[in-house]
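To keep things clear, I will list the structure first and then write my remarks on it.
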Amino acid sequence: MTDIPIKNCRTNYWLNLLYLHNVFRSTFDKMCFEDSWSLGADMQFYVFSIFIVFMIYRNPRLGLAILTACYIATNLLTAIVIYVKDYQAFAMENELYPRPNHDEFIDEIYIKPWYRAGPYFMGIYLAYILHRNNRKMGLNKVIYAFGWLLSIGITIMQFTTTYGYITGDVVMSRTMRAFYGSTFRQLWSFAMAWVIYASATGDKGFISSVLSWKIIRPLSRLSYGSFATHQYLITMYYTTKTTHEPVDCIAILIHYVVILFLSLITGFFVSLAIEYPTIEINRLLFPG
């Protein structure tokens, strides 16, 4: 079980160093540290966004037009590929979509940056609006209330509407899978963008107040280390169990809390050993 990841890292480590491991030799059975595919995608988005932001700075209309074209293209491309190849709407595995189809979806769509760039482009839109408005709301109370209702509604919908599809009780048509698979991330990013917009422009509501709690700040700084280690903790947690346990909501909740706690602990040590020393070295090399 451990020989394959070690072998992959010996042969493909250089792709991780270049943040290209989710593009080249990018199947999970060949990738070194497969859970780091999102780090590669984040770096690629960051590099590409330099061009977009520069164009918006030099010519806002042209830059926003290019950004809009890229946003439409990534969503349209996702819908076309899901429809043509008859993929599931998102990463899941059930009787309708067994393991081979699931793995192919992961390798072909799930980890590729050109299918996942939509929320990042949404973030650029949001940053431009905040900068242009000097972080002032500028909305009347009706639009403000509607924004919160829409954001909360989308968030609830994301967690509830696909339950039957995941369990296999509901069958989506190919057209519906293509539509949902290309839009659900954009809806989620819009909901989160509204929370960020409202909080950044001085909203004093309950959600913004909770997000401003000082106790959350230390935990937020452990997010990278926790993300980098949580999948291995999950694997170790379940593969070392020697007894069978009933699967119900209470058991799943207990497992979630245990793994979350362990992930925060390992994230703390990863941050101390790797993340914070790297940040300090970067400050020394590039002051200011």
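Note on residue 239 and residue 64: their simple-model spin labels are 5.1 nm apart, each label 7 Å out from Cα toward Cβ.
By how many nm would the segment from residue 213 to residue 152 lengthen if fully extended, with 0.36 nm per residue of separation less the alpha-carbon distance?
Fully extending the segment from residue 213 to residue 152 adds 19.9 nm.
Round to a whole angstrom and tell me the spacing of the C-alpha centers of segment 218-288 and segment 1-75. With segment 218-288 and segment 1-75 each reduced to a Cα centre, they are spaced 23 Å. So for the pair residue 130, residue 261, with labels modelled 7 Å out along Cα→Cβ, what separation do we get in nm? Calculated label separation equals 3.4 nm. Solvent-accessible surface of segment 134-191, averaged per residue with a 1.4 angstrom probe and all protein chains in place: 65 square angstrom. Taking a straight Cα-Cα cut-off under 25 Å and skipping sequence neighbours fewer than 8 places away in the same chain, the lysines within cross-link reach of residue 7 are 30, 112.
Straight-distance candidates among the lysines for linking to residue 141, with alpha-carbon spacing under 30 Å and chain neighbours fewer than 8 residues away dropped: 204, 214.
Leaving out ligands and nucleic acids, note down the accessible area per residue over segment 1-95 with a 1.4 angstrom probe, in whole Å².
Accessible surface, normalised per residue, equals 62 Å².
Nonpolar atom fraction for the chain, defined as the carbon and sulfur part of the 1.4 Å probe accessible area, stands at 70 percent. Net length available on complete extension from residue 269 to residue 286 is 3.6 nm, with 0.36 nm assigned per residue and the Cα-Cα distance removed.
If you plug the beta carbon distance of residue 53 and residue 29 into 1/(1 + (r/R0)^6) with R0 = 45 Å, you get a FRET efficiency near 0.80.
The values are calculated or read from the model by the stated rules, or taken from the named source; none is laboratory data. In this text the structure is predicted, and so the values were computed from the model without any measurement. We place every Cβ from the backbone using ideal geometry, glycine too, and count neighbours over all the protein chains shown. The protein model used for the area step is the full one, side chains on, heavy atoms only, and it has no ligands, DNA or RNA in it. Shrake-Rupley method; radii C 1.70, N 1.55, O 1.52, S 1.80 Å.
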